[in-house]
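Engineer: Once you've had a glance at the structure underneath, I'll fire off some questions.
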Amino acid sequence: KTLETSRLASPPPGAEAMVAELRRDDMAEEAGTIRDSVAFRLVERVLQSVRMEPFLIAPYDLEQYRMMVGTLDTSRTKNRDDEALYVTYLKALSEAVSKIDITYHHSLLNNIFAVRIWYLQRDTMVALLDLITRLAAVADQYLRECLQMLVNNFTPPIVERNEVPTWAVSRKKDIFSHLCGSLKTISDTVPLAPRMLRDIIDRSMPKLFDNKAKMISFVECMLGLDTDRMGDLIGAILLAKVVDLLTELDVNITWEDILQEEHDKGIFEMELEDLDADDDGDGFGQAGTKVCLGGNACAEKLDGLMVVVCEHLKSLDRQRLYKEFVILKTIFRASLLRVHRSKFAQFIMFYTCSLDPKTLGEGFAVFLTDIVTEKKEDPISRMSAVSYVGSYLSRARFISADTVVTILKKLVDWCVDYCDHQSKREATPIPNHQLFYATCQAVMYVLCFRLRSIMDYPNLKSDLFHMPFGFLFRHRLEPLKVCLPSIVNEFLRQAKDAGLVAAFVDPAAEDAIESDLSRTFGGINRLDMFFPFDPYLLKESDRYIRPNFEFWSMVKTTYSDDTDDDDDELEDLDAPEMNVGSLDDHVEIDINSDDDDLEYSMNKMSITPHHSFLHQMAMDSDGGLSMPARIRPSTSPPSRWAMSGESP
């Protein structure tokens with residue numbers, strides 16, 4: 001290396017001679033062939049010559065080598081002739097890779113591996129990538145350097161204001177295609193390449209504070225590898241890295257960020273898709289959904305990445321999409337399912353299922369239900385899964401009523417089995433029944449959205465009416481007194497109108513239900529729950545979710561024909577009751593914790609207010625309180641404990 005450096009200290013004096021030799025045009029028709037053949041022989045001779053002892057190297061060969069290294073230096077400005085010579089050198093080196101040695105040709109290799117192909121002309125880029133693929137095949141030599149060079153070019157140059165220049169945007173698709181093609185060729189040629197590429201991509205992944213343009217370009221190119229055989233080799237790790245990045249961005253968006261534009265009112269007081277002020281027709285009105293996340297860097301990055309991932313999934317054929325779904329289920333089970341602060345990343349599963357409702361959509365519902373009912377699963381995963389399945393069946397417009405009834409039956413049957421088991425022993429305190437109450441609440445939540453559509457099918461209506469709701473809701477565990485009143489009240493109202501309520505509520509006791517619920521709600525052991533598929537607030541990627549998403553204002557309730565105003569009563573079902581404060585605390589959960597720890601963990605997991613205004617009114621009132629449909633977390637007054645300084 002020292003010897004080579006001393007040789008290259010001065011400018012290449014023989015450049016003119018080399019150009020003249022390459023421009024010989026003795027035969028007009030075969031001029032190109034002559035120039036290439038001369039260049040190939042010359043480059044091979046020069047590479048071989050500089051490997052000898054210094055006193056044995058011909059001065060002419062040394063000059064030619066120095067000129068070749070200088071030509072391959074992309075930091076130098078090149079004219080048209082220089083560019084043509086550059087391409088010729090690259091082609092010649094491709095034919096002479098066996099002569100290249102890291103010991104004698106370090107500067108030459110350094111210039112090759114440092115190239116940013118975004119600045120090269122297309123012919124030059126093609127010639128360089130051909131050289132890279134051939135160098136990678138040299139046994140035990142340059143594989144890692146070649147792969148790293150290709151991965152480094154996943155991101156285009158970033159100019160002022162952290163943006164990709166227009167000329168780079170226009171070339172992005174072509175460059176990504178060539179990069180992915182080269183990586184696939186290397187992986188087909190060198191068995192070790194996929195494993196090494198996984199490691200390189202892992203270390204090169206964008207970080208949380210990298211700019212948006214870099215993140216999006218890197219992930220877009222990376223997902224281009226997730227096809228065919230290459231996808232089979234490294235697709236799982238690629239998707240896992242992408243989901244990890246989405247999740248990291250997601251959990252760094254706090255609810256304070258979302259609500260920052262509406263401090264006094266809160267975004268969850270209104271329907272998000274039906275705002276009257278949507279003058280520009282983009283689906284976002286004056287309430288703040290259009291701007292509430294606009295100033296949040298993490299939200300903007302996440303929004304852009306969601307577009308990239310959805311476009312990738314959309315481009316897959318049916319067979320590849322199914323493989324991706326299987327991989328995504330595994331990733332979801334291992335990571336997303338247990339993430340307590342995730343607000344948007346889980347919609348990747350939602351969108352994937354919407355692409356094939358029959359196979360993937362139903363498969364995801366069954367997958368979640370199996371986690372809920374499987375005793376071997378850890379408690380936190382089961383609690384999270386029941387939240388997911390309830391929210392998913394309620395919001396996914398592509399899920400058929402038949403599938404909804406099938407899943408509800410499984411959940412109700414599990415609840416009944418649980419009650420039977422509890423009847424055989426003395427009832428234990430409420431915290432030990434968290435999963436039971438969460439499942440009951442999920443069933444009622446789904447029926448708030450889907451009961452009317454189920455009633456339209458006589459066979460499904462019959463199946464629903466044969467479910468043992470009477471036994472379940474009149475059991476001594478009293479789920480109607482523990483689940484969130486906003487859900488219970490809406491469920492009872494629709495069930496009563498549909499004739500379902502008579503199966504489990506004594507008509508004489510109907511008037512007392514609300515007051516009983518009011519007195520119970522807000523107790524220390526009250527059930528908390530979150531709804532993972534609440535309305536989607538990211539603007540750019542919203543177009544992938546909205547067409548398949550069921551908003552509350554779209555729901556036809558069993559009583560909707562009675563009055564035009566009833567549809568507005570539970571607008572806040574589109575906005576889960578949130579504990580904004582709890583979302584800012586990162587919680588590590590031990591799956592082997594006891595019941596008290598589980599209750600604490602689930603309370604931290606909740607986005608329901610721990611001390612709502614209902615709690616205070618229930619504590620201070622001796623009589624019944626009619627539960628309103630709306631719960632406004634951002635305007636809830638402090639609890640009695642907070643005001644008094646006492647401990648509960």
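Engineer: Return a yes/no flag: does the stretch 187-195 have any residue that is in a helix (DSSP H, G or I) and within 21 Å of A96 (Cβ to Cβ). First the steps, then the outcome.
Structural biologist: Initial filter on the stretch 187-195 (in a helix (DSSP H, G or I)): 187-189, 193-195.
Restricting the remaining residues to those that are within 21 Å of A96 (Cβ to Cβ) gives 189.
Checked the stretch 187-195: at least one residue is in a helix (DSSP H, G or I) and within 21 Å of A96 (Cβ to Cβ).
Engineer: Considering only residues that are in a helix (DSSP H, G or I), touching a Leu at 6+ places or on another chain (Cβ under 8 Å) and either modelled with pLDDT under 95 or of a type in the set (F, W, Y) (or both), which ones fall in the stretch 328-353?
Structural biologist: Just the residues of the stretch 328-353 that are in a helix (DSSP H, G or I), to begin with: 328-334, 336-338, 347-353.
Then keep just the ones that are touching a Leu at 6+ places or on another chain (Cβ under 8 Å); that gives 328, 331, 348-349, 351-353.
Passing the criteria: only Y351.
Engineer: Just name the residue that is surrounded by the most Cβ atoms within 10 Å (Cβ to Cβ) out of those in the stretch 354-397 that are outside any helix (DSSP H, G or I) and basic (K, R). Can you show your working first?
Structural biologist: Let us first name the residues in the stretch 354-397 that are outside any helix (DSSP H, G or I), namely 355-356, 374-378, 396-397.
If we keep only those that are basic (K, R) too, we end up with 375-376, 397.
Details: K375: 5, K376: 6, R397: 13.
Ranking the candidates gives R397 first.
Engineer: Further question: Has the stretch 131-139 got any residue that is part of a helix (DSSP H, G or I), among the polar types (S, T, N, Q) and under 22 Å from L197 (Cα atoms)? Even if it seems obvious, please write down each step before you answer.
Structural biologist: At the first step, the residues of the stretch 131-139 found to be part of a helix (DSSP H, G or I) are 131-136.
Narrowing the set further to residues that are among the polar types (S, T, N, Q) leaves 133.
Retained after the next criterion (residues that are under 22 Å from L197 (Cα atoms)): 133.
Yes, because at least one residue in the stretch 131-139 is part of a helix (DSSP H, G or I), among the polar types (S, T, N, Q) and under 22 Å from L197 (Cα atoms).
Engineer: For A168, which of the numbered conditions (1) open to solvent by 60 Å² or more (accessible area, probe 1.4 Å); (2) more than 27 Å from R318 (Cα to Cα); (3) at pLDDT 90 or above fails to hold?
Structural biologist: Among (1) open to solvent by 60 Å² or more (accessible area, probe 1.4 Å); (2) more than 27 Å from R318 (Cα to Cα); (3) at pLDDT 90 or above, the lone unmet condition for A168 is (1).
Engineer: Enumerate the pairs (first residue in the stretch 524-548 and on the phi > 0 side of the Ramachandran plot and of a type outside the set (V, I, T); second residue anywhere and open to solvent by 10 Å² or more (accessible area, probe 1.4 Å) and modelled with pLDDT under 95) with beta-carbon separation below 7 Å, excluding pairs fewer than 6 apart on the same chain, so at least 6 apart or on different chains.
Structural biologist: Going by the 7 Å Cβ cut-off, there are no qualifying pairs.
Engineer: Taking the condition of being closer than 14 Å to N153 by Cα and touching a Pro at 6+ places or on another chain (Cβ under 9 Å), how many residues in the stretch 217-234 meet it?
Structural biologist: 3
Engineer: Look at F325 and say whether it is crowded, with 18+ Cβ neighbours inside 10 Å and either without any contact (Cβ under 8 Å) to a residue 24 or more places away in the chain or assigned to a loop (DSSP other than H, G, I, E, B) (or both).
Structural biologist: Working: crowded, with 18+ Cβ neighbours inside 10 Å: yes; either without any contact (Cβ under 8 Å) to a residue 24 or more places away in the chain or assigned to a loop (DSSP other than H, G, I, E, B) (or both): no.
No: the conditions fail for F325.
Engineer: Then there's this: Cβ-Cβ under 6 Å, sequence separation 6+ or interchain: first residue in the stretch 335-346 and without any contact (Cβ under 8 Å) to a residue 60 or more places away in the chain, partner open to solvent by less than 10 Å² (accessible area, probe 1.4 Å). Which pairs?
Structural biologist: L337/S381; L337/S384
Engineer: Failed condition for T155, given (1) open to solvent by 10 Å² or more (accessible area, probe 1.4 Å); (2) within 16 Å of S204 (Cβ to Cβ); (3) in a helix (DSSP H, G or I), with all others met?
Structural biologist: Unmet for T155, out of (1) open to solvent by 10 Å² or more (accessible area, probe 1.4 Å); (2) within 16 Å of S204 (Cβ to Cβ); (3) in a helix (DSSP H, G or I): (3).
Engineer: Something else now. Taking A438 and the conditions (1) in a helix (DSSP H, G or I); (2) under 20 Å from W552 (Cα atoms), which numbered condition does it fall short on, given that it satisfies the others?
Structural biologist: (2)
Yes or no, residue by residue, for (1) small (G, A, S); (2) modelled with pLDDT under 90:
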| residue | (1), (2) |
| --- | --- |
| R51 | no, yes |
| L56 | no, yes |
| G70 | yes, no |
| N79 | no, yes |
| V97 | no, no |
| I102 | no, yes |
| L109 | no, no |
| W118 | no, no |
| L129 | no, no |
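Engineer: Moving on. When you scan the stretch 80-93, do you find a residue that is in contact (Cβ under 8 Å) with a residue 24 or more places away in the chain, among the acidic types (D, E), open to solvent by 30 Å² or more (accessible area, probe 1.4 Å) and within 19 Å of G181 (Cα to Cα), even just one?
Structural biologist: The answer is no, given that none of the residues of the stretch 80-93 is in contact (Cβ under 8 Å) with a residue 24 or more places away in the chain, among the acidic types (D, E), open to solvent by 30 Å² or more (accessible area, probe 1.4 Å) and within 19 Å of G181 (Cα to Cα).
Engineer: Limited to the stretch 185-222, what total is found for residues that are basic (K, R) and surrounded by 15 or more Cβ atoms within 10 Å (Cβ to Cβ)? Outline the logic, then answer.
Structural biologist: As a first pass, look at the stretch 185-222 and keep what is basic (K, R): 195, 198, 203, 207, 212, 214.
Still in the list and also surrounded by 15 or more Cβ atoms within 10 Å (Cβ to Cβ): 198, 212, 214.
The total comes to 3.
Engineer: Which numbered condition trips up F449, out of (1) touching a residue at least 60 places away in the same chain (Cβ under 8 Å); (2) of a type outside the set (G, A, S); (3) touching an Asp or Glu at 6+ places or on another chain (Cβ under 7 Å); (4) more than 23 Å from V488 (Cβ to Cβ)?
Structural biologist: The one condition F449 does not meet is (4).
The values are calculated or read from the model by the stated rules, or taken from the named source; none is laboratory data. Everything quoted here is computed from the prediction, not taken from an experiment. All Cβ positions, even for glycine, are placed from backbone atoms using ideal geometry, and neighbour counts span all protein chains on display. What goes into the accessible areas is simple: the full protein's heavy atoms, side chains included, and nothing from ligands, DNA or RNA. Shrake-Rupley method; radii C 1.70, N 1.55, O 1.52, S 1.80 Å.
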